[in-house]
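Since the structure comes first, as structure tokens, the remarks are kept for the end.
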């Protein structure tokens, strides 16, 4: 798919290493999907969609390599290449009780999901609600507190490793209260570090709760041709049949929580 | 009626084989393509040492063609052998190894190594158009190099060898003759053809490698002519590859003389189950045209 070159409309500094870049463009993505962002002469990488309304979208990006370093030097008006949206998405159902578990910048796609739900015409009418769990190393790295607190029927739970805000410890520790009350309308959705995600999958299996997990793998093409992001077990591409997978599929991915492959295709243990 | 095809002592349930470089990085992903209709598979080409490949963009698709310059990324032969072994624990479908190297002697070394894996055939990739900065002009343009590499690999290989040729070589049929006389057991024709796409907004080539290999429907008539010409000149079987996207393409390629059919970029145009769709369409055409077996029509366009 050809990239379109869009000027950056707005840049918000979320913290020292994370910025959100906004673009005026009707992307028509679903929560959990991703785009490929290309800076000509540098590189092109996948990024999940962190914000979307009718005619604009935003990408919340962590600075971690040559492409994102270059992006962080760019200003409003500078253009980048965008293609997509690609991949699978989270279920959007205003009748469900969502338990969203976000680790680090995994809060971005889940924030987009929460906002999409809150814009649904049937939100507020039915039994739908959100418990949003955010985990971060410390209080300065907690993302979207203000943004999330504006969403109706959403309870925000914060956990920090150092206890500087909310519960002290891992976000998965505050999950048990919620999972004990889970019923058929509960859907746990998660995006964050893989070991956290694996722990959540184990809990969901143990307590028989539905879940949807966003799985990150090294991607090149983004549309299911190069085969770089294939996973052991089913041998399918995570760019095409992921990144969001349900519990049944997650359980078939034998490498989940154990290892992934790098850009040569060599196995790297988690 | 079925698509059963005999190729060098092996039987393929369908002549469709996964072409090298698409989806075929791991044992599990190769197996998945056989669930989606491939009669056999070719692994993504392997080198002695691991290679990360070129930076992105490495692939881009348009309505009638696809272009890539992945840069032969692979985990290196030792790790690849583990994936090939894994494939054979999952299915007994035929497996084609694929190797590339920078010198004829290195081809011999890697051929010997990969033959420790349970491969049924070995493809020599001497025709990738996307690594000339590193490796120089592809060996597939040079008759002496084709002869030497084929001989050296044949000496070390314990399975039949197929030589993958380039449609950029204007005398591809003559090169196929050289490969045959040097001992090749089959010819794979063709690799992608050298090409380029420029992004008008970026005002530069889209692929980070600037040039890439063109595949998809635009390559098909070029590949078909190459196979037709080669079939006239050699006795060994041909794996017809290049732009096959539909059952009609597949039947045309067999009528030109191909025995097996390499399919890759069709996945971009028709999805992960493109192979199965092509199988179904081949059967439909055979029923409509009263063709009882593929053997009956192989090379028939030459009569």
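FYI, it's all coordinate maths here, none of it is from the lab. Please read these numbers as outputs of a predicted model, since none were measured by experiment. All Cβ positions, even for glycine, are placed from backbone atoms using ideal geometry, and neighbour counts span all protein chains on display.
The helix-based estimate of mean residue ellipticity at 222 nm for chain A, built from -39,500 (n - 2.57) per DSSP H run of four or more residues and divided by its residue count, is -5000 deg cm²/dmol to the nearest 500. Legend: ranking of residues A:133, B:3 from fewest to most surrounding C-beta atoms inside 10 Å; resulting order B:3, A:133.
Rounded to the nearest 500, the 222 nm mean residue ellipticity of chain B from helices alone is -11000 deg cm²/dmol, with -39,500 (n - 2.57) taken per DSSP H run of at least 4 residues.
Under 1.5 on a/c is rounded, so check that first for region A:110-241, then, if it is not, pick prolate when a/b is larger than b/c and oblate when it is not; a ≥ b ≥ c are the square roots of the alpha carbon gyration tensor eigenvalues.
Note, shape of region A:110-241 comes out prolate.
Look at the stretch B:267-279: the mean tally of other chain Cβ atoms within 10 Å of its residues' Cβ atoms is 2. Net length available on complete extension from residue A:15 to residue A:122 is 35.1 nm, with 0.36 nm assigned per residue and the Cα-Cα distance removed. The calculated pair-distance distribution of region B:159-303 uses every alpha carbon pair, bins of 10 angstrom beginning at 0, and gives 12, 37, 33, 14, 4, 0 percent. Of the peptides A:220-229, A:179-188, the order by per-residue mean of other Cβ atoms within 10 Å, starting with the highest, comes out as A:220-229, A:179-188. Working from label points 7 Å from Cα in the Cα-to-Cβ sense, the residue B:201 to residue A:179 distance is 4.3 nm.
The mean count of C-beta atoms from other chains within 10 Å of the C-beta of residues in A:255-267, rounded to a whole number, is 4.
Considering only alpha-carbon pairs that sit under 8 angstrom and 6 or more positions apart, the relative contact order computed for chain B is 19 percent.
Over region B:5-302, all Cα pairs binned in 5 Å intervals from 0 give whole-percent P(r) values of 1, 6, 13, 18, 20, 18, 14, 7, 3, 1, 0, listed from short to long. Rounded to the nearest 0.05, what FRET efficiency do residue B:112 and residue A:259 give with R0 = 35 Å and r taken as the Cβ-Cβ distance? Could you check? E between residue B:112 and residue A:259, to the nearest 0.05, is 0.75. Rounded, prolate or oblate, given the Cα gyration tensor of region A:217-270, with a/c below 1.5 counting as rounded? Judged from the Cα gyration tensor, region A:217-270 comes out oblate (a/c at least 1.5, b/c at or above a/b).
Note on chain B: with a GNM built from Cα contacts shorter than 10 Å, the maximum mean-square fluctuation among B:204, B:85, B:51 falls on B:204. The value for region A:4-86 of Rg(Cα) / (2.2 N^0.38 Å) is 0.98. Ordered by the number of other Cβ atoms lying within 10 Å of each residue's own Cβ, fewest first, A:74, A:238 fall into the sequence A:74, A:238. Using a Gaussian network model of chain A in which every pair of alpha carbons under 10 angstrom is joined by a spring, one finds that among A:30, A:129, A:63 the greatest mean-square fluctuation is at A:63. The alpha-carbon positions of chain A define a convex hull whose volume is 122 Å³ per residue. Stokes-Einstein diffusion for region B:190-275, with the hydrodynamic radius set to the Kirkwood value over Cα pairs and evaluated at 10 °C in a medium of 1.306 mPa s, equals 115 µm²/s.
Is the C-alpha gyration tensor of region A:135-196 telling us rounded, prolate or oblate? Criteria: a/c under 1.5 is rounded; beyond that, a/b larger than b/c is prolate, otherwise oblate. Judged from the Cα gyration tensor, region A:135-196 comes out oblate (a/c at least 1.5, b/c at or above a/b). When Rg and Dmax are taken over the Cα atoms of the protein assembly as shown, they come to 25.7, 82 Å.
So for chain A, averaging the separation of alpha carbon pairs under 8 Å that are six or more residues apart and normalising by length, what relative contact order in percent results?
Here the relative contact order equals 16 percent.
Mind pulling the per residue volume of the convex hull built on the Cα atoms of region B:139-219? Å³ is fine.
In region B:139-219, the Cα convex hull volume per residue is 116 Å³.
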